[in-house]
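Just below is one structure, and these are the notes that go with it.
Nothing in this text is a laboratory measurement; each read-out follows from the coordinates by a stated rule. Please read all numbers here as calculations on a predicted model, not as lab measurements. Reconstructed Cβ throughout: ideal geometry from the backbone, glycine too, with neighbour counts over all protein chains shown.
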Amino acid sequence: MTDDPVKSLIEELGAHLSQIEHSDIVLNNGKGKQFLIKPSEFSEIKSVDTPKKIAFVDGGDGPLEESPNFLITINRIYFSLFQGKKRIKPKSNPRVQFFSYVTSNISTVDGKKNVTYETRLFPHSAEDKKYLPAESDLTSSTESTTVLQGARLNSLGRRFAEWQLAIHVVESELEKGDMIVMDGSLQTNFKNEIKYANRLYDLAIRKGVIVCGLAKTSRLVTESGDPLLARIAEIAEDVSYENWYVKVAEEVSSDDRGFMMAVKFHPKSRFVFRFEILREQFAEMSPEDLNLVLGSLVANSQDVSMIGYPYGAIDADRFAQVRRDELSMYQGFILSEKLRHPEWKRLQKYSASLGAHDVLNGVTS
């Protein structure tokens, strides 16, 4: 053991990781088929003459105030429309914004403490209200006495609203043969979320609109523990195609309805992405159909801001994002409104119970 703990850590971890025997199959808990990832399984994405029209849907959120028993969040959802590099003007307002609060209520059920979370939504306008989920679908409960797990609850209303807006986009903005790309996978994580996802899938199948999911990052690993996308990038070094896809699995979990691939959309891209197509739709595709879907995304992935990532997704992320300066502005609005209501003098103590750490950071940073 050396006197330098960082040097020792890196040496030991590097030696450990280099000794792992590779198994190039994704580790999953779904029942669908898995595919061995090897150079011969990669397929070229060929350029297409007429790209498909694509809608990209994304959402952003930011906490405005929180305490152990309530959380106030601003949420923003956005969609963009593109065909190749060409932006298409939507028929409806592409951005939805709303505020939400989540409260925790503790009760005793059969001798066990039970924490129930209830969410209320406050649309920015009457138009925005049409694209919000039902508040009753956002109620959840747990036997855990650790209440309000911040990041997960932050995204609850926003995630449901993404599905709801996607339903509107398929209904009103897209035609047969068009595509919609959701930010992230087609996996559902929250109670009742599958209801909204299934509404989108059923509508898209009826209308002939292809549903896809594109994830910028992935925590998936192979059966030997390697990060999946990093391992695929290594294997792809022996592949001659500039743009390619490789099949990974029919599903990676029981709540995932996507057929999963890994894709590279530009020869100069440093990134490999997880990409999914709704399984029922993928099963009906010929190789030419699949190439048209992927080639349409390649045609939209030429922008130097993040080469190899669809510009429509960059655009949707930009306009859905809640920036830090906006958070400060809206926090000011909330504080101003609170000062007008006497009951907030008592409730302010709830927020203060989580605020000491931020104050200390301000003093010591």
Just need the relative contact order of the stretch 89-227 here, percent rounded to a whole number, with Cα pairs under 8 Å and 6+ apart.
19 percent
Cα-based Rg / Dmax (Å) for the stretch 23-131
22.5, 66
Nearest 10 degrees is fine. How inclined is helix 324-338 to the longest principal axis of the chain, computing both from alpha carbons?
20 degrees
Mind checking which of ASN198, ASN114, ASN75 has the largest fluctuation in a GNM of the chain, springs on alpha carbons under 10 Å?
ASN114
If we restrict to alpha carbons, what Rg and Dmax does the stretch 245-336 come to, in Å?
17.9, 59
Fluctuation leader among PRO133, PRO267, PRO94 - the chain, Gaussian network, Cα springs under 10 angstrom:
PRO267
Using 7 Å Cα-to-Cβ label points, what is the LYS216/LYS31 separation (nm, one decimal)?
3.5 nm
Only Cα pairs within less than 10 Å get springs; with that Gaussian network setup on the chain, which residue of LEU292, LEU186, LEU339 has the largest fluctuation?
LEU339
Is it possible to state the helix-based mean residue ellipticity at 222 nm for the chain, with each DSSP H run of 4+ residues giving -39500 (n - 2.57), the sum divided by total residues, to the nearest 500 deg cm²/dmol? What is it?
-10500 deg cm²/dmol
Over the chain, what is the relative contact order in percent, taking alpha-carbon pairs closer than 8 angstrom and at least six residues apart?
24 percent
With N residues in the chain, what two-decimal value do you get for its Cα radius of gyration over 2.2 N^0.38 Å?
1.11
With 22 Å as the limit, write out which pairs from LYS89/LYS264; LYS85/LYS129; LYS113/LYS191 have Cα-Cα distances beyond it, or answer none.
LYS89/LYS264; LYS85/LYS129
Helix 311-320: inclination vs the chain longest Cα principal axis, degrees, rounded to 10, gives 0 degrees
Once you keep just the Cα pairs under 8 angstrom separated by 6 or more residues, what percentage relative contact order results for the stretch 206-337?
20 percent
Projecting the Cα atoms of PHE122, VAL304, VAL209 onto the charge dipole of the chain, where Lys and Arg contribute +1 and Asp and Glu -1 at Cβ, the residue farthest towards the positive end is PHE122
With Cα atoms, 0 to 90° folded angle of helix 193-207 axis to the chain main axis:
40 degrees
Separation of alpha-carbon centers, the stretch 61-116 and the stretch 307-330, rounded to whole Å
15 Å
